[in-house]
Amino acid sequence: MTTSRQIEMTVNGRTRSMAIAAHHTLLEVLRDDLGLTGTKECCLVGECGACTVLVDEVSVDSCLVLAAEADGACVTTVEGLAVGGRLHPLQQAFLDTGAVQCGFCIPGQLIAARALLARSPHPSRAEIEEGLAGNLCRCAGYEQIIEAVLAAAALDETGDRAVADGDAHAPAMGDRASTPNADVAPQ
Ligand code: FES
Ligand code: FES
């Protein structure tokens, strides 16, 4: 017999109350119950990063987290990155640098990169490599992905180039409010 449990999460800025199967992962609930298929299902053992989401601004492998553990939390998926129909600067940078090949890993890469820029707005190349080390790209687009994160880090919140790299007045990417929007990720 399946045990169900009532939980409430804020997902991409929207409060969601639902009954879930107690053994279901956050990945299953996001994809199957909420239809947020931008978050990808792949290895299911925490090896590939395709399922990366933010839980209270911390990037996690959603295949390893029970949905019940996210009760009361704020969850951000790739669908929550764009604001008001405008791509998040990271999304635009990924497109501009040709980082999106088959696209399967990109939602996880974007979320991991967003977490990185929130804690380190102007990361070094080594920091980016380390910050995205848990996200595999089968198309081996790592060089373009790193370029994209560097390019996004050089932009201010409006998507314009900051006055100078390291400009203390340039807001951190992680300060952006997340609101529901179009899913720009592959299904
Ligand atoms: S599907 Fe979660 S880490 Fe691979
Ligand atoms: S773009 Fe194809 S797996 Fe990364």
*Over the stretch 9-145, what is the relative contact order in whole percent, taking alpha-carbon pairs under 8 Å and six or more residues apart?*
27
_Taking 20 °C and 1.002 mPa s as the conditions, I'd like the Stokes-Einstein D for the stretch 4-80 in µm²/s, using the Kirkwood hydrodynamic radius from alpha carbon pairs._
179
*Please go through the stretch 33-110 and write out the GluC sites (Glu not before Pro) that DSSP classes as loop and that have at most 13 other C-beta atoms within 10 Å.*
Glu47
_Normalised contact order of the stretch 4-80, rounded percent, pairs of Cα under 8 Å and 6 or more residues apart_ = 39
*asked:* Going by average Cβ density within 10 Å per residue, which order do the peptides 106-112, 143-149 take, highest to lowest?
replied: 106-112, 143-149
*Sort Met1, Met18 so the one with the fewest other Cβ atoms within 10 Å of its own Cβ comes first.*
Met1, Met18
*Charge tally in the Cβ shell below 10 Å around Cys74, where Lys, Arg are +1 and Asp, Glu are -1, Cys74 excluded*: -2
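Please list the equivalent ellipsoid semi-axes of the stretch 1-155, computed as the square roots of five times the alpha-carbon gyration tensor eigenvalues, in descending order and whole angstrom.
28, 16, 13
Coordinate-derived values only; no laboratory data. Only a predicted model underlies this, so the values are computations on that prediction, with no experimental measurement involved. Reconstructed Cβ throughout: ideal geometry from the backbone, glycine too, with neighbour counts over all protein chains shown.
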